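Everything on this sheet refers to the single structure shown next.
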Protein chains: 2
Amino acid sequence: MTKQSPIVGNVSSDGAFDVVFKALADPTRRALLDALVVADGQSLSGLCDRFPEMTRFGVMKHLAVLASANLVITQRDGRSKRHFLNAVPIQQLADRWIGKYAQPFTRSLVDLKHAVEQTA
Amino acid sequence: MTKQSPIVGNVSSDGAFDVVFKALADPTRRALLDALVVADGQSLSGLCDRFPEMTRFGVMKHLAVLASANLVITQRDGRSKRHFLNAVPIQQLADRWIGKYAQPFTRSLVDLKHAVEQTA
DNA sequence: ACGATAGGTGACTGTTTAGTCACCTGTCAA
DNA sequence: TTGACAGGTGACTAAACAGTCACCTATCGT
């Protein structure tokens, strides 16, 4: 029995965005992204220095999740490895997903306000 | 030992967005949001009809998570309860968070492409 | 008042996921 | 070549979460 089945036919243009959402859901991973904003192309140990509260393995695992979501791109540089932030998935998410919700429903929210006021 | 501590001083203007990210991370909850897009202001049982694979309690729990993230607004209507989609947190997320990442780093990505090509 | 229906609550269970560890591989400098 | 350093892997443990349940409260039609 699948736990997170599609439930209805086509839920949305989802699926591909799921890994991105899940990767973004963790504050630690967003902090990692922030660290790459400050200085892009950092190595693993460089990132570890910025996060003394996290072990190297913790950083590595979160980085792996971000990489699987295509939010960071890695590049070997001798014996170190550089990590670059890739904003493309975030941009796609904003374009396709957020636009789908935010635009048509700011109006709908206003309608709700009226409905609530009338009932209250 | 805190597991998800702030790690560095100020990670970002995060914190308030965490619940929104976490709520959006689940595909089931996004499907619930989609159902409200199709027909806003549905009752719990109405929503349950749209998700026969989920029990009433499952729908209710997900709805509670969405409500705590302020993504759905509820309104009592006699013995039923209407659920309205609130796009404001999504819009805020797009404005403050995504803009912060997506805009300055599409350029940075291009730089990365050059770096990768030169190394390869 | 009565039963039926809509919604709500608390505790329990199984799965997932984050965090940690010992150990391994590859690269650089001497 | 050899030691030191940067990164990687697999298994293990603990906490978080989704899913489920029996039971409860409130409202409607009669």
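The values are calculated or read from the model by the stated rules, or taken from the named source; none is laboratory data. From a predicted model like this one, the values you see are computed outputs, not experimental measurements. Reconstructed Cβ throughout: ideal geometry from the backbone, glycine too, with neighbour counts over all protein chains shown. Accessible surface is based on the protein model in full, side chains and every heavy atom, while ligands, DNA and RNA are left aside. Shrake-Rupley method; radii C 1.70, N 1.55, O 1.52, S 1.80 Å.
Across peptide B:23-36, the mean count of Cβ atoms from other chains lying within 10 Å of each residue's own Cβ comes to 6. Inter-copy label distances for B:V88: 3.7 nm (label point placed 7 Å from Cα along Cα→Cβ; shortest first).
Kindly compute the accessible surface that chains A and B hide from a 1.4 Å probe when together, both sides summed, and give it to the nearest 100 Å². Roughly 4500 Å² of accessible surface disappears when A and B pair.
Residue-wise HN-Hα couplings along segment B:54-65, as the Karplus relation 6.51 cos²θ - 1.76 cosθ + 1.60 with θ = phi - 60° gives them from phi, are 10, 7, 4, 5, x, 4, 4, 5, 5, 4, 5, 5 Hz; Gly and Pro carry x. Measuring with a 1.4 angstrom probe and ignoring ligands and nucleic acids, A:D49 comes out at about 120 Å² accessible.
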